[in-house]
């Protein structure tokens, strides 16, 4: 009986054959081959980031070396954290950090909510012609170059023939050289930046508002909710995930203000308020050819931004369940 049992088990096992599982690698290759157009479409973006963002990271090591162009990166002497210690002992350290963080937080506090308010207001406009006119007027400054915007600031704020000083003199006041006064620098920078970017930044919020179900507003009208109540209880919660994601991205770059506009607005007389980390990197690396020192400062700034991004994303995920990852 035992032999018959073994034979029957063997027959059953031979009759029932378990098909082999398809290899995961083959499935991935099949998926890529089936959607090759999509991968071809994203290829330029991947190439851009590889060439201009990841490949240059090879040069980060000069921040830890006494770099000489004639010796090359590998031939330069390794000095460890000496360049970072030199920056931390610098006379300009606290001025640079104070101005960078102050300008970044000022831009965030004023420049982040205004596009949201503009999008909420535009969403309530029912006259299409007026809505399109406002959109064109607010979007147009985005397409102006930074050089043009700064040139306009110098013209409008000129102490002799600028429009603002002309109005001040009309009311009996004395002309003010706004761009030469350190106390006005941050406000001029932030207000001009808000004027230039608020229309373009509101597009993503308008798109999020367009995705809100109109039936929610109809039900709210039936319940007697007015327009402000519908904005507060329907529109704002509807775009809150978008707001949180963009807030995380903005907080993660609070120290990456940008170089061009600050540098163009910078004057020797307003250096106390306009000197930030990016302009100091330019002076050290380009004007003084101290490449290792400037690379160390830039790396320090990037690490701070990275830590801020990770921290803010973690907090947002724990608090509101909305995050980048």
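The values are calculated or read from the model by the stated rules, or taken from the named source; none is laboratory data. Small disclaimer: the values here were computed from a predicted structure and weren't measured. Backbone-built Cβ (ideal geometry, glycine too); neighbour counts: all protein chains shown.
What the table shows:
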{"item": "Output for region 65-80, where each listed residue is surrounded by fewer than 12 Cβ atoms within 10 Å (Cβ to Cβ) and either under 33 Å from the mean Cα position of the chain (by Cα) or not in a strand (DSSP E or B) (or both)", "result": "69, 70, 72, 74, 75, 80"}
{"item": "Cβ pairs under 6 Å, 6+ apart, first in region 231-249 and over 12 Å from residue 205 (Cβ atoms), second surrounded by fewer than 18 Cβ atoms within 10 Å (Cβ to Cβ) and modelled with pLDDT of 90 or more", "result": "234/216"}
{"item": "Hits in region 272-307 (condition: more than 19 Å from residue 66 (Cα to Cα) and out of contact with any helix residue (DSSP H, G or I) (no Cβ under 8 Å at 6 or more places or on another chain))", "result": "302, 303, 304, 305, 306, 307"}
{"item": "Positions within region 235-257 being crowded, with 20+ Cβ neighbours inside 10 Å and farther than 17 Å from residue 309 by Cβ, in sequence order", "result": "235, 239"}
{"item": "Any hit, region 149-169, residues being out of contact with any strand residue (DSSP E or B) (no Cβ under 8 Å at 6 or more places or on another chain) and within 27 Å of residue 246 (Cα to Cα)", "result": "yes"}
{"item": "Residue that is part of a helix (DSSP H, G or I), more than 30 Å from residue 285 (Cβ to Cβ) and either at pLDDT 90 or above or touching a helix residue (DSSP H, G or I) at 6+ places or on another chain (Cβ under 6 Å) (or both), where the choices are 42, 62, 101, 97", "result": "42"}
{"item": "Of residues in region 260-297 being more than 24 Å from residue 149 (Cα to Cα), in a helix (DSSP H, G or I) and without any contact (Cβ under 8 Å) to a residue 24 or more places away in the chain, the one farthest from the chain's Cα centre (by Cα)", "result": "287"}
{"item": "Count - residues of region 104-130 that are part of a helix (DSSP H, G or I), without any contact (Cβ under 8 Å) to a residue 40 or more places away in the chain and in contact with a helix residue (DSSP H, G or I) (Cβ under 7 Å, 6 or more places away or on another chain)", "result": "0"}
{"item": "Qualifying residues in region 81-94 (those that are assigned to a helix (DSSP H, G or I) and more than 25 Å from the chain's Cα centre (by Cα)) - the one farthest from residue 254 (Cα to Cα)", "result": "82"}
{"item": "Enumeration of residues in region 107-131 that are buried (at least 16 other Cβ atoms within 10 Å of the Cβ) and within 30 Å of residue 284 (Cβ to Cβ)", "result": "107, 108, 111"}
{"item": "Boolean, residue 313 is farther than 27 Å from residue 82 by Cβ, in contact (Cβ under 8 Å) with a residue 60 or more places away in the chain, buried (at least 20 other Cβ atoms within 10 Å of the Cβ) and more than 16 Å from the chain's Cα centre (by Cα)", "result": "no"}
{"item": "Unmet criterion (only one of (1) touching a residue at least 12 places away in the same chain (Cβ under 8 Å); (2) touching a helix residue (DSSP H, G or I) at 6+ places or on another chain (Cβ under 7 Å); (3) surrounded by 12 or more Cβ atoms within 10 Å (Cβ to Cβ)) for residue 177", "result": "(2)"}
{"item": "Filter result (outside any helix (DSSP H, G or I), touching a residue at least 24 places away in the same chain (Cβ under 8 Å) and under 14 Å from residue 197 (Cβ atoms)) within region 131-166", "result": "144"}
{"item": "The lone exception for residue 257 - which of (1) part of a loop (DSSP other than H, G, I, E, B); (2) closer than 26 Å to residue 59 by Cβ; (3) modelled with pLDDT of 90 or more it fails", "result": "(3)"}
{"item": "Qualifying positions in region 148-174 - within 29 Å of residue 206 (Cα to Cα) and in contact with a helix residue (DSSP H, G or I) (Cβ under 7 Å, 6 or more places away or on another chain)", "result": "149, 150"}
